[in-house]
Structures are given as structure tokens and as C-alpha cells.
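Structure, as C-alpha cells:
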Amino acid sequence: MLTAAAVCPFPPLIVPEMATGAAAELDPLRRECASAVTALGECAADRLVVVGPGEHTRRHGPGSGGDLAPYGVRLPIGPPPAVLPLSLTIGRWMAEREGLLPDAYVEVASEASTQECLALGAELASETGSLALLVMGDGSARRPPASPGRPDDRAPGFDAEVADALARADAAALARIDPDDARELMAAGRPAWQVLAGAAGEEALKGELLADEAPYGVGYFVARWARD
């Protein structure tokens, strides 16, 4: 049973050592992420699982680590070898920063279908004990006027719908995200958000949107879900 969830973005620059002189620019986002993750530690769930997109769908154990070296600075997060994708590496960093030790890291293939994501979420929620999820997901990387990808006028509307679904803890709305639209708009969080939708199912959860911004042309959301 899903007890609580936090949704956070995973830009490498959210780690201050990666941002160097620009570190202060993301301080507000870091604070909201810290608030959302701290709430997971206060919900008294039996299990804390970090979910994020990657190349394959697979589970990593609690001793799994990653490294931010591919993004410019050699910065191990957790023990070697570095097996976690960026999303889960940042998730581990966020959890450890708040004194939390996740029980598992679940990598979800970026190309996983909606049904595969929903089924994985339902499977996680059905396992023994109550579940808290730290869900790592970025919005569109094609936000006008400047973005990593070619700006697309559809991106703001897409991200607005995601933000609204997260604010209302609307699992059905997350489940309706079109994978093709997400792919075209470079919204990397789609698989992880749909795992959250599958874990929530028809549970009555209360949502709170803590951040909705795009400082570098990429949609970043921070949200909390908890049992009503």
C-alpha cells in the first residue's frame, strides 16, 4: 500500500558541487526537494523506494551507487561500482542528504509502455508493508524560449497538465500521459510518474505542489502525496 510519495527533478546541477558558481540559483528548488523528501521520513512507511527513468527496467539493491562523472565532476554517490542512472543517483543523494536510507532503487526504461509502468507501480505497492516512493522525474526539455532541445510551443501546456495532476494527486491523469507526446517533448519523468500512478491506484491521496519552474528551459516539479 502506498502511504506517501515525493516527486522531485534530477538535474545534475541540483548537487551544489556540480553547480559551482551557479549553485545559489537552485537553492529554492533544493529547499523544496528537501521538504518533500523529509516528509517521506516522517510518514513511518515500512519501505522507501526510489524510482527513476533509465535505460532498462530493473531493481537495484540498497547498496547501489552512482557517479556524476559523466556530467562534468567525478562525484561518487554511494558505494562503487556506479550502476545507478542519473535519476536514481540524484535520488540517492537527496535521500541521504535528509538522513534516509532507501530500501531499493527501481530503474524504469524510458521506453516502457504505460501499462508496464502502471503494473510495476501496482507490484511495488502490493509487496509486504507500507510503501513510500521518491519519484524522480523532469518535465519537458523543450520549454520556450530557450531549452536543451528545440523549443516547442506544446511544452508549457504539457508541463502545466503534469503540474496540475501532481498538485491534485490525480493518478488517473498521470496514467493518461501519452508516451509519444512525452518522448517528442523530451519529458524524461513520464515513466516514473506512471509508476507512481500505478502504485497509487484508486487510493485517496492528498497532493501538494511545492515547485513548478523551468530555470534552464526544463520543467522541474516538486510535489508531495500523502494519505488523506
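The values are calculated or read from the model by the stated rules, or taken from the named source; none is laboratory data. Nothing here was measured: the structure is a model prediction, and the numbers come from that model. Here the Cβ positions follow ideal geometry from the backbone for every residue, glycine too, while neighbour counts run over all protein chains shown. Areas reflect the complete protein model, heavy atoms only, side chains present, ligands, DNA and RNA absent. Shrake-Rupley method; radii C 1.70, N 1.55, O 1.52, S 1.80 Å.
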| note | SASA check, residue 158, accessible area w/ 1.4 Å probe, all protein chains in place, rounded to nearest 10 Å², comes out at 30 Å²
| Prolate/oblate/rounded label for region 70-115 (Cα gyration tensor, a/c 1.5) | oblate
| task | Using the 2.2 N^0.38 Å rule of thumb for compact globular proteins, work out how region 128-228 stacks up: its C-alpha Rg over that value, please. | result | 1.06
| request: Report the net charge of residues surrounding residue 73, where surrounding means a beta-carbon distance below 12 angstrom and charges are Lys +1, Arg +1, Asp -1, Glu -1. | output: -1
| remark: So, with points 7 Å from each Cα along the Cβ direction, the residue 202-residue 180 label distance in nm works out to 3.0 nm
| said: How would region 65-190 be classified by its alpha-carbon gyration tensor: rounded, prolate or oblate, with rounded meaning a/c under 1.5 and the a/b versus b/c comparison settling the rest? | reply: oblate
| note | Farthest towards the positive end of the dipole of the chain, among 79, 14, 162 and with Cβ unit charges of +1 on Lys and Arg and -1 on Asp and Glu, lies the Cα of 79
| note | Of the residues 3, 105, 171, the Cα lying farthest along the dipole of the chain towards its positive end, which is defined by charges on the beta carbon of Lys, Arg, Asp and Glu, belongs to 105
| query | Between region 176-228 and region 117-143, how many Å separate their Cα centres? | reply | 9 Å
| request: Would you mind telling me the antiparallel percentage of the DSSP bridges in the chain, rounded to 5? | output: 50 percent
| said: Need one number: nm distance between label points at residue 35 and residue 167, each 7 Å from Cα along Cα→Cβ, rounded to one decimal. | reply: 1.5 nm
| field | Exposure ranking of 105, 216 by accessible area [1.4 Å probe, largest first] | value | 216, 105
| query | Zone of residue 96 (label point 7 Å along Cα→Cβ, backbone N under 14 Å): which residues in region 50-68? | reply | 62-68
| request: Name the residue, out of 61, 198, 189, whose mean-square fluctuation peaks in a Gaussian network model built on the chain with Cα pairs under 10 Å. | output: 61
| message | At 222 nm, what value in deg cm²/dmol follows for the chain if DSSP H runs of at least 4 each add -39500 (n - 2.57) and the sum is divided by all its residues, to the nearest 500? | response | -10500 deg cm²/dmol
| remark: Between the modelled labels at residue 44 and residue 17 (7 Å from Cα along Cα→Cβ) the distance in nm is 3.6 nm
| task | With springs only between Cα atoms under 10 Å apart, run a GNM on the chain and tell me which of 80, 53, 70 wobbles the most. | result | 70
| request: Determine how large the accessible area of residue 177 is when every protein chain is in place; take a 1.4 Å probe and give Å² rounded to the nearest 10. | output: 20 Å²
| Among 136-147, 160-171, what's the highest-first ranking by average C-beta atoms within 10 angstrom per residue? | 136-147, 160-171
| said: Between 218, 108, 83, where does the largest GNM mean-square fluctuation fall for the chain, given springs only between Cα atoms within less than 10 Å? | reply: 83
| said: Spelling out what I want: for every residue of region 128-143, take phi, set θ = phi - 60°, compute 6.51 cos²θ - 1.76 cosθ + 1.60 (Karplus), and round to whole Hz; glycine and proline get x. | reply: 4, x, 7, 10, 10, 10, 9, 9, 9, x, 8, x, 5, 9, 10, 6
| request: Give the relative contact order (percent, whole number) for region 1-124; include only Cα pairs under 8 Å separated by 6+ residues. | output: 29 percent
| remark: Matching label for the computed Rg and Dmax of the Cα atoms in Å, out of (1) 16.5, 50; (2) 20.1, 77; (3) 15.9, 47, is (3)
